[in-house]
Amino acid sequence: MHHPAHGASVTRFADIEILRYTIPGFEALPLERKLFVYHLSQAALAGRDIAFDQNGRHGLRLRALLEGIYRHYGGERSSADFRALEEYLFRLWFSSGIHHHYGSEKFEPHFSRSFLTEALEEVQNETGQLLRFRGKELSELLDLIFDPTIAPKRTVQTGAEDLLAASSANFYAPGIKQSEAERFYREAYAELSEREAAAPPSLGLNSRLSSTEDGRLYEEVYRIGGLYGSALERISGHLKSALAYCESEEQRQSILHLLQYYKTGELSAYNDYCISWVADTAPQVDFINGFTEVYTDPLGMKGMWESLVHIRHEEASKRTAKICQEAGWFEAHAPIDPRFRKESPRGVSATVVSVAMLAGDSYPATPIGINLPNADWIRAEYGSKSVTIENIHSAYEIASEHSGLTEAFVHDADTLALLKRYEGTTE
């Protein structure tokens, strides 16, 4: 029986509904595991601003402007304009930027430019807050909100036009052409030594491509002392605190490799982290923390920052493990050409988990499953980890119980009864 808050609706706005979820298994954890969850969760929260900046180079300033007005505005807060500004801010929080989290199109404001400027002036005059927002600083942000031709799409990955010029995601400095960026990384891969090419780094994953005044391209690497350095320093501080509560030496080594990666920005250290993380299949509490998925980058190279902390769902994981043990059978009987079957498939470490914390690219538009790492050569040589996030999945299921979808598409009463009885076991 689920907790009554699990799957409950918190609020709705635009095309979004926010659901509650609970964390089964947390209360039963020993104190050491709870402290481990706490420190990993703090490390996750410390990276929140990175995702806002990666989604658009004005994202953090715009958030500060709108949050300041929302907090300090003393006018009529029930007016249509203020309610529309509130919804716009909620959408910005949800998407870590001003573009739809799924469709990538820019939000349309349903409040007027004059209302926003008057509300800002009221806050500045009455409270002395937000005084930095005036002149060019303010005009730039107002144009971003109200001019539909400015940054209309966060990510464009198809079409005849230059993909970097068409996209507003903040992975490339303004003015860098798609052909220039592609040539930069093509040449970088060509310059790898034979040893490096055998275990290739994911070039571009943890950097922003910029250029000097004379047009020479270079990478602003995400590392302590570099781009996003202050956030990575805070993240690393919480990861260091988590070291005292690791479940095993393997888990400790995984975090140490991650700390080295954040300190130096070296992608070889990230490979070391991925390899040690994949090998550590037994922890009760596990995590993801780093620049991971590349879907937001129009060229598909640069990783968005994200983090998850999750607790193994023991009963459901045992069921999944039985399936994974039969990887060879499934490979041999797969309905594919025998040429593409692996003779000795590496087992996938698949578990069912309850997520305790999400941040960055994983929050609050939440995945229900994850399969990592992304590097094909690591997956082929060392395997991968696959997790199904049971508490998020079940929250969705509970919220949809009264939508009528199941009844509409399952006309057989016996099948419907089986679904209701076993769906939670077989998901």
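The values are calculated or read from the model by the stated rules, or taken from the named source; none is laboratory data. Every value quoted in this text rests on a predicted model; they were computed, and no experiment measured them. Methodologically, a virtual Cβ is constructed for each residue, glycine included, from the backbone with ideal geometry; neighbour enumeration extends over all protein chains shown. Just so you know, the surface numbers come from the protein's heavy atoms only, side chains and all, with ligands and any DNA or RNA stripped out. Shrake-Rupley method; radii C 1.70, N 1.55, O 1.52, S 1.80 Å.
Here are a few things to note about the model shown:
- Given charges at Cβ of Lys, Arg, Asp, Glu: the chain dipole, positive-most of Ala408, Phe146, Leu19: Leu19
- Here the extension length gained between Glu126 and Ser344 equals 71.4 nm, from 0.36 nm per residue of separation less the Cα-Cα distance.
- Kirkwood Rh, Cα atoms: Rg over Rh of the stretch 251-296: 0.98
- Highest to lowest packing among 231-242, 73-84, 30-41, scored as the average C-beta count within 10 Å: 231-242, 30-41, 73-84
- Along its three principal directions, the equivalent ellipsoid of the stretch 139-279 from the Cα gyration tensor extends over semi-axes of 33, 21, 14 Å, largest first.
- Dipole axis of the chain (+1 Lys, Arg; -1 Asp, Glu on Cβ), positive-most option in Tyr382, Leu89, Ala395: Tyr382
- Karplus (6.51, -1.76, 1.60) ³J(HN,Hα), θ = phi - 60°, over the stretch 9-26, in Hz, Gly and Pro reported as x: 7, 8, 6, 10, 7, 6, 9, 10, 10, 9, 10, 7, 9, 9, 10, x, x, 5
- Here the stretch 141-297 is treated with +1 on each Lys and Arg Cβ and -1 on each Asp and Glu Cβ, and its dipole about the Cα centre works out to around 280 debye.
- By the rule of a C-alpha distance below 27 Å, with chain neighbours fewer than 8 residues away ignored, the lysines paired with Lys136 are Lys106, Lys153, Lys177.
- With each label modelled as a point 7 angstrom along the Cα→C-beta vector, the Ala198-Glu67 pair spans 4.8 nm.
- Residues whose amide H comes within less than 5 Å of that of Ser207, counting only those at least five positions distant or on another chain, are Tyr222, Gly303 (H built at 1.01 Å from N in the peptide plane).
- Seen from a random direction on average, the alpha-carbon convex hull of the stretch 103-212 projects onto 10.7 square nanometres.
- 1.4 Å probe accessible area per residue over the stretch 359-425, in Å²: 58
- Only Lys, Arg (+1) and Asp, Glu (-1) charged, at Cβ; the chain dipole about Cα centre in debye: 560
- Rounded Å value of the spacing that divides the Cα centres of the stretch 112-160 and the stretch 233-256: 40
- Percent accessible area from carbon and sulfur atoms, the chain, protein chains only, probe 1.4 Å: 51
- Rotationally averaged projected area of the chain (alpha carbon convex hull; nm²): 25.8
- Inter-site label distance for Glu249 and Lys263 at 7 Å from Cα along Cβ, in nm: 2.0
- Comparing Leu416, Leu66, Leu142 in a Gaussian network model of the chain, where Cα atoms under 10 Å apart are tied by springs, the biggest mean-square fluctuation is seen for Leu416.
- Rounded to whole Å, sorted largest first: equivalent-ellipsoid semi-axes of the stretch 104-161, Cα gyration tensor: 30, 12, 9
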